[in-house]
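Here's the structure we're looking at; comments come further down.
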Amino acid sequence: MGYAIISDQPFITTKDLSVKKKLSPEARARREFFNSHRFYFETDPSTGKVQLKAEKIEK
């Protein structure tokens, strides 16, 4: 079993932690879709059903 010990020492490393990983083609396409569309959620109060509407942003 592993246990974590709380420390008052700051976290220090000599490695660069700001390395970005390349997105997969699927993740890149998903990000582009979310950035190019607006999403609206509408709830029908009588039935409680939620409806999602996506609208493409015209640039």
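None of the figures in this text is laboratory data; all of them are computed from the coordinates on show. Keep in mind that what you see is a predicted model, and the values were worked out from it rather than measured. Heads up, the Cβs are rebuilt from the backbone with ideal geometry, glycines too, and the neighbour counts pull from every protein chain shown.
Just give me the residues in the range 1-41 being under 30 Å from Lys59 (Cα atoms) and either loosely packed, with under 10 Cβ neighbours inside 10 Å or in contact (Cβ under 8 Å) with a residue 40 or more places away in the chain (or both), in sequence order.
Lys20, Lys21, Lys22, Ser24, Pro25, Glu26, Asn35, Phe39, Tyr40, Phe41
So if I check each of Phe39, Phe34, which one is touching a strand residue (DSSP E or B) at 6+ places or on another chain (Cβ under 7 Å), outside any loop (DSSP other than H, G, I, E, B) and not small (Gly, Ala, Ser)?
Criteria check complete, one pass: Phe39.
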